[in-house]
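See structure below.
Derivation of every value follows stated rules applied to the coordinates shown; laboratory data play no part. These figures come from a predicted structure and were not determined experimentally. Please note: Cβ atoms are built from the backbone with ideal geometry, for glycine as well, and neighbour counts cover all protein chains shown.
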Ligand SMILES: C[S@@+](CC[C@H](N)C(=O)[O-])C[C@H]1O[C@@H](n2cnc3c(N)ncnc32)[C@H](O)[C@@H]1O
């Protein structure tokens, strides 16, 4: 499953930012991630570190680098081509000092315990064969007071089920869009508290789950 995902995104990296999915689906997730980070920031007036797992072309890191927050962003992606595209994007903004990218697997985060304030993950989680392990790893690298913001296909209504379980699963073979009850279970098992969710978009709905340490 991981090799298939890697091969798919190695091919897609160059044209990813120009794709229709990027405009019509992924963009709304970056906006939602920024809203959640702003919410965390409003409660913690301090310099902070964000880790974006399955970061793709580094769009979130670019948005953070353009913000006036004192933030350092690290993007992690299994696809080296995605990381190269992200590096090039940040270099184009002249913001390489505020963000860096690591080619690695979300299941094995190469970071010290309690080294990030916010961890984000958008449109990537359904590619992970061992989702509970990933959530445990995220919990490990978060500091006390930290937050995990997870966005992925919402498949708990008919529109979401058709979109993600029927259509997307046929295109991206072997992926798993977990129902929210399962995601909630992952968060609880990893020790997250104040777990909440909200849904965005009517067509191609996304579920945003937030848990606190
Ligand atoms: C649809 S893209 C989402 C990119 C970005 N987060 C967004 O919302 O546009 C999914 C990304 O997850 C990455 N990915 C898939 N499996 C992964 C894994 N096991 N570890 C890290 N990244 C992974 C892919 O390489 C790809 O860049």
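When segment 77-95 is examined, which residues are found to be assigned to a helix (DSSP H, G or I) and closer than 16 Å to residue 51 by Cα?
Answer for segment 77-95, where residues must be assigned to a helix (DSSP H, G or I) and closer than 16 Å to residue 51 by Cα: 82, 83, 86, 87, 90.
So residue 102 ticks every box in (1) surrounded by 14 or more Cβ atoms within 10 Å (Cβ to Cβ); (2) within 9 Å of the ligand (Cβ to nearest atom) but one. Which box is left unticked?
In the conditions (1) surrounded by 14 or more Cβ atoms within 10 Å (Cβ to Cβ); (2) within 9 Å of the ligand (Cβ to nearest atom), residue 102 misses (2) alone.
Among the numbered criteria (1) surrounded by fewer than 18 Cβ atoms within 10 Å (Cβ to Cβ); (2) under 21 Å from residue 90 (Cα atoms), which single criterion is violated by residue 7?
(2)
Go through (1) away from the ligand (no atom under 15 Å from the Cβ); (2) buried (at least 24 other Cβ atoms within 10 Å of the Cβ); (3) over 21 Å from residue 190 (Cα atoms) and name the single condition residue 82 misses.
Among (1) away from the ligand (no atom under 15 Å from the Cβ); (2) buried (at least 24 other Cβ atoms within 10 Å of the Cβ); (3) over 21 Å from residue 190 (Cα atoms), the lone unmet condition for residue 82 is (1).
Residue-by-condition table, conditions (1) in contact (Cβ under 8 Å) with a residue 40 or more places away in the chain; (2) out of contact with any strand residue (DSSP E or B) (no Cβ under 8 Å at 6 or more places or on another chain); (3) at positive phi:
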| position | (1), (2), (3) |
| --- | --- |
| 172 | yes, yes, no |
| 177 | yes, no, no |
| 193 | no, no, no |
| 202 | yes, yes, no |
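Can you give me the number of residues within segment 44-56 that are more than 9 Å from the ligand (Cβ to nearest atom) and part of a loop (DSSP other than H, G, I, E, B)?
Going through segment 44-56 one residue at a time, the tally reaches 4.
Pick from 4, 27, 18, 41: which is closer than 24 Å to residue 171 by Cα and away from the ligand (no atom under 12 Å from the Cβ)?
Only one candidate qualifies: 18.
Within segment 57-76, restricting attention to residues that are touching a strand residue (DSSP E or B) at 6+ places or on another chain (Cβ under 8 Å) and assigned to a helix (DSSP H, G or I), which residue is nearest to the ligand (Cβ to nearest atom)?
Looking at the filtered set, the residue picked out is 60.
Hey, among 130, 126, 136, which residue is out of contact with any strand residue (DSSP E or B) (no Cβ under 9 Å at 6 or more places or on another chain) and within 26 Å of residue 39 (Cα to Cα)?
Of 130, 126, 136, the one residue that is out of contact with any strand residue (DSSP E or B) (no Cβ under 9 Å at 6 or more places or on another chain) and within 26 Å of residue 39 (Cα to Cα) is 136.
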